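The values are calculated or read from the model by the stated rules, or taken from the named source; none is laboratory data. Every value quoted in this text rests on a predicted model; they were computed, and no experiment measured them. Neighbour counts run over all protein chains shown; Cβ positions are idealised from the backbone, glycine included.
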Amino acid sequence: MSLLSDTNYSPQRIYALLRLLGAQGGQLGFDSIRTWLKPAMRGIEQKGSEENTNIRQLLGATASLELIETPSQNQYKLAAAVPPTIEAFADAVHDRLVGLDMSHPDSVVLEAFAAMVVLTEAEQGTSWLDLNAKDRAAKVNDAMRASETNEDDDEKKRFNATKSSPWKRWMIFLGLGVPMPKSDLYPYPAQRLEREIRRLQRNETTPDALEVEVFISKIAERMPYLDSGRLFLASADRLRLPPLDRRISRVLSNTLRDLHDDKRLVLDAIGDAKEIYTLTQEPHPVRHIKAITLQGQINND
């Protein structure tokens, strides 16, 4: 049971299930859940076995997040408090995935995104995203920690085209990417980075401005699939990507520039050369940064 083995559900539907359980005293039976959620399942009429399968996949994904438990057969009970908003739910899921050991089946969710960030760096751009779905998924799988069984069967690989569909939904929901017509998903963690900066600011010991090295270190803890994060480094080692040193990856460079342009944060380029980090060379006025001021026009939702 894992988030990517159950494919026919959405993060929003999981949250709807949690809200339902919360409103019904924290526990419901399978038949009651099916009755309550039936109108929300794809918006079309479904027949017996298909409907049951969809509900069970939804329950399986929710159980994988350890948000529900089964005290008895076909009974489902809340195992954690229901987040007050869907944004808080996204934060809670992200925190859980970040905290997982790499041996956990759901570790593949963020490992795959780390592989995408590293591949974009190794390929010097995102043209590799134009591959067909199967080849694109294979490329991501090859950039991840190998399976202990090292299966040749595509369906048994840690990441494949089948798992890509639910994975894409999670990446968009968590604020890590945007959908693209051809390439399926474009790695763009601006929404998640903005949310993590906001959460970082709630810590009273965090100054308004951080040296870039300190900023990257703090973000790597909260978003380990980005520069210097443990998942990023694991994938970089797998692909033998040279150390970034004082360069910032393409994915993070583009994200920081956009947040700067939107006045969500301020990139400061003033400082000694030895203290400066270099962004990916793009036609943009900001090419080097020394510090990052967090007090931009951050949304408060």
Can you tell me which residue is surrounded by the most Cβ atoms within 10 Å (Cβ to Cβ) among those in region 140-176 that are modelled with pLDDT of 95 or more, among the aliphatic types (A, V, I, L, M) and in a helix (DSSP H, G or I)? VAL140
Please verify whether region 178-186 includes one or more residues that are at pLDDT below 95, closer than 15 Å to VAL251 by Cβ and outside any strand (DSSP E or B). yes
Search result, residues across region 58-72 that are under 10 Å from ILE14 (Cα atoms) and polar (S, T, N, Q): THR62
If ASP130 passes every condition in (1) more than 14 Å from TYR225 (Cβ to Cβ); (2) at pLDDT 95 or above; (3) in the same structural domain as SER165 (by TED's automatic domain parsing) but one, which one does it miss? (2)
So, in region 195-232, of the ones that are buried (at least 16 other Cβ atoms within 10 Å of the Cβ) and acidic (Asp, Glu), which residue ends up nearest to THR120 (Cα to Cα)? ASP227
How many residues are farther than 20 Å from THR280 by Cα and of a type in the set (Asp, Glu) if we restrict to region 197-234? 3
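Across region 73-84, what is the number of residues that are touching a residue at least 12 places away in the same chain (Cβ under 8 Å), outside any strand (DSSP E or B) and closer than 20 Å to SER10 by Cβ? It would help to see each step written out before you state the result.
Of region 73-84, the ones touching a residue at least 12 places away in the same chain (Cβ under 8 Å) are 74-80, 82-83.
When the remaining residues are screened for being outside any strand (DSSP E or B), the result is 74, 79-80, 82-83.
Retained after the next criterion (residues that are closer than 20 Å to SER10 by Cβ): 80, 82-83.
Residues in region 73-84 being touching a residue at least 12 places away in the same chain (Cβ under 8 Å), outside any strand (DSSP E or B) and closer than 20 Å to SER10 by Cβ: 3 in total.
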When THR280 is run through (1) within 24 Å of the chain's Cα centre (by Cα); (2) modelled with pLDDT under 95; (3) hydroxyl-bearing (Ser, Thr, Tyr); (4) surrounded by fewer than 18 Cβ atoms within 10 Å (Cβ to Cβ), the failure sits at (4)
